[in-house]
Amino acid sequence: MKAVLLDKITEGKDIVLSECPVPEVRPGWVLVKVKAFGLNHSEKLLRLGEIRADYIQKPVIPGIECVGEIADPSDSGLAVGQKVAALMGGMGRSFNGSYAEYALLPQRIVFKIDSDLPWEALGAVPETYFTAWGSLFECLHLTPNDILLIRGATCALGYAAIQIAKALGCKVVATTHREEKIPLISEAGETVLDDGRLTGKVHGVTKALDLIGPRNLRDTLTAVEKGGIVCQTGLLGGVYALNGFDPIKDIPNGVYLTGFFSNYPTQQVMDEIFAFLNEHHLVPTSGKVFDFENIREAVIAQDEGKVNGKIVVKL
């Protein structure tokens, strides 16, 4: 089969397709014929730095998510040809991932899906929509009566959150720090140019999805109304920890702070996501679709930040 194999720091321009054997199935694992997968910031971090770590067994096939069909179910009880989605759980790091024609994956991270959407649309779903869904419903307890602030909305996760929240019936306030990107989030209804301070500029916000992260978290906490919930999910601001954070002083009285960690997908949640997409006739959003033969161009586009939204690769 063809696959991307990494054994050292690899920029997009250095990505190549290599030939390697189709993996042999073993108990507890299933062989998936990959039909599409999305590119994620996590894989960029692997390519440009983490690949040097001793705990990465090299060469490794990157890719933390995919959609496809069961080629060999092993002892899983799944059927050959069953549509599935797979994500997280060590995929693309602890074991080979999805940048390949076939992926051998542990049964626990492979989930049946019920959808008639084309593969390139399904390829935008697993990691992005699972993270959006968990952030909005498990963490924020979003309801149609909420006013939702999405801070840092011009990313794949932001677009997915806007789509889900609008379908639910929420009022959405979406932000970006780049004026030229405001049209990209116009679907939200209300857009705000984010100069680093939203407190006093947005009003009535009951729930906030913060995709910028620790850099602006204190301001997000004071931008919501009393009784509001803030979910910190993304790290677009490039700050990964908040030194000197004082929960007593920095979290306003009556405001709640939570976070979503996307490492624990379940069949129940994947069923809920696809049922919601089907019920509301939603087509998952993507920025650009590349053929697998053009994976190098897809990764270059990721490195250069040229695509607005999810980059999907179709096989």
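The values are calculated or read from the model by the stated rules, or taken from the named source; none is laboratory data. Everything numeric here is computed off the predicted structure, so don't read it as measured data. Don't worry about glycine lacking a Cβ; one is built from the backbone with ideal geometry, like all the others, and counts go over all protein chains shown.
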Residues that are under 17 Å from T131 (Cα atoms) and in contact with a Phe, Trp or Tyr (Cβ under 7 Å, 6 or more places away or on another chain), drawn from segment 273-295: I273, P284, T285
Kindly check whether there is at least one residue in segment 50-70 that is over 24 Å from D303 (Cα atoms), not charged (D, E, K, R) and not in a loop (DSSP other than H, G, I, E, B). yes
Could we say that T285 is of a type in the set (S, T, Y) and either over 29 Å from T10 (Cα atoms) or without any contact (Cβ under 8 Å) to a residue 60 or more places away in the chain (or both) here? no
Applying the selection to segment 190-204, what residues are out of contact with any Ser or Thr (no Cβ under 9 Å at 6 or more places or on another chain) and either buried (at least 18 other Cβ atoms within 10 Å of the Cβ) or outside any loop (DSSP other than H, G, I, E, B) (or both)? E190
The condition from (1) in contact with a helix residue (DSSP H, G or I) (Cβ under 7 Å, 6 or more places away or on another chain); (2) at pLDDT 95 or above; (3) not acidic (D, E) that T154 misses is numbered (2)
Quick one: in segment 43-67, of everything that is small (G, A, S) and in contact (Cβ under 8 Å) with a residue 40 or more places away in the chain, which residue is surrounded by the most Cβ atoms within 10 Å (Cβ to Cβ)? G63
Taking the condition of being touching a strand residue (DSSP E or B) at 6+ places or on another chain (Cβ under 6 Å) and not charged (D, E, K, R), how many residues in segment 190-210 meet it? 8
Does any residue in segment 117-141 that is on the phi > 0 side of the Ramachandran plot come within less than 8 Å, Cβ to Cβ, of a residue that is crowded, with 24+ Cβ neighbours inside 10 Å six or more places away or on a different chain, and which pairs are these? H141/K207
Let me confirm something: among G89, G134, which residue is in contact with a helix residue (DSSP H, G or I) (Cβ under 8 Å, 6 or more places away or on another chain), surrounded by 19 or more Cβ atoms within 10 Å (Cβ to Cβ) and either in a helix (DSSP H, G or I) or at pLDDT below 95 (or both)? G134
Determine whether segment 37-48 contains at least one residue that is in the same structural domain as A100 (by TED's automatic domain parsing), among the small types (G, A, S) and touching a helix residue (DSSP H, G or I) at 6+ places or on another chain (Cβ under 6 Å). no
For the condition part of a loop (DSSP other than H, G, I, E, B), surrounded by 20 or more Cβ atoms within 10 Å (Cβ to Cβ) and modelled with pLDDT of 95 or more, what is the one hit in A165, A124? A124
